[in-house]
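The values are calculated or read from the model by the stated rules, or taken from the named source; none is laboratory data. It should be emphasised that the depicted structure is a prediction, and the values quoted were computed from it without experimental measurement. All Cβ positions, glycine included, derive from the backbone under ideal geometry; neighbour counts span all protein chains shown.
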């Protein structure tokens, strides 16, 4: 078996060994849509075995071996992420730390591995994965580059991570608002992989996924159980995207359910705000007829009337922590940031 080279092997040398052109080697790392999946997989596998980690992004940076760029890999499309106030705060936190260290920020969408927008790996010195990419091929493709990586809002061994205490936040919130309420419903966010607003099945409830939404759901369910209550699976909805139009569809289904839930636990403040608007438009009184709680602690939840009860998460600090750890090389630690319950008018 060929041993990895003791010196840094060049792109021309690796191309000669594999019997392809240097351009093909470059495309395998930076333009994957130009190659068949089987050819690209063979090239990357052999490159890893031979200790070749891909062409550098720019000739001017080749001598230094650094680009000065840090890449945040988003879980979804750029437009979806930019519309999310939680993502915006996180990116602001990352940008703060990068600016202090004279580094640049790159963004890669995580929803389509074949999109030309995703072919920027070679331009980055390190990666922050903000949420698990919807297209898992993107994670695998970047991991093979063997560059510094940290995950945020999910865990992936053996990499370090920065998470919020989603279980604890959901648990403490439910304990704070449940009282003796028996008619409880959950409006979840991406509890299952679907593009539809729907209720989940008993089989799907038993999924062992460790996503943000699953941790929050487990917190709701455990707190209700500890209070002697139950949230039946038929009262758990999943919403595919954190957009008001999808949330409105789910809220209308909840309000039409019999008996109508009197406590609505929402996995984002945007969902909770939509629930408040729809409930008020339906003639319901808040909190007399229905109580509503969110999660995230965005500004609008505080300024809206009635102000929304929520779980505040440290979005800005989450970005600070991830960027600091990546720059400092603390790549194996697992950080969990605390949450805070904020009780307001909707409960």
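Observations
- Residue within the stretch 63-74 that is surrounded by fewer than 16 Cβ atoms within 10 Å (Cβ to Cβ), in a helix (DSSP H, G or I) and either more than 30 Å from the chain's Cα centre (by Cα) or at pLDDT 85 or above (or both) present: no
This table checks each residue for (1) within 22 Å of the chain's Cα centre (by Cα); (2) surrounded by fewer than 17 Cβ atoms within 10 Å (Cβ to Cβ); (3) within 20 Å of residue 347 (Cα to Cα).
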| position | (1), (2), (3) |
| --- | --- |
| 229 | no, no, yes |
| 236 | yes, no, yes |
| 242 | yes, no, no |
| 254 | no, no, yes |
| 261 | no, no, yes |
| 266 | yes, no, yes |
| 278 | no, no, yes |
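- Verdict on residue 99 being surrounded by fewer than 18 Cβ atoms within 10 Å (Cβ to Cβ) and under 19 Å from residue 316 (Cα atoms): yes
- For beta carbons closer than 6 Å, sequence separation of 6+ or different chains, a first residue in the stretch 149-160 that is farther than 16 Å from residue 94 by Cβ and a second that is part of a loop (DSSP other than H, G, I, E, B), the qualifying pairs are 154/132.
- Flag if residue 122 is outside the structural domain of residue 220 (by TED's automatic domain parsing), surrounded by fewer than 22 Cβ atoms within 10 Å (Cβ to Cβ) and touching a helix residue (DSSP H, G or I) at 6+ places or on another chain (Cβ under 6 Å): yes
- Checking each residue in the stretch 323-337 for being surrounded by 13 or more Cβ atoms within 10 Å (Cβ to Cβ) and within 22 Å of residue 103 (Cα to Cα) picks out 323, 324, 325, 326, 327, 330, 331.
- Filter pass, residue 110 being at pLDDT below 90, in contact with a strand residue (DSSP E or B) (Cβ under 6 Å, 6 or more places away or on another chain) and either buried (at least 17 other Cβ atoms within 10 Å of the Cβ) or assigned to a loop (DSSP other than H, G, I, E, B) (or both): yes
- Qualifying residue in the stretch 305-316 (condition: more than 25 Å from residue 129 (Cα to Cα), touching a helix residue (DSSP H, G or I) at 6+ places or on another chain (Cβ under 8 Å), modelled with pLDDT of 95 or more and surrounded by fewer than 21 Cβ atoms within 10 Å (Cβ to Cβ)): yes
- Residue 132 vs. criteria within 21 Å of residue 193 (Cα to Cα) and touching a residue at least 12 places away in the same chain (Cβ under 8 Å): yes
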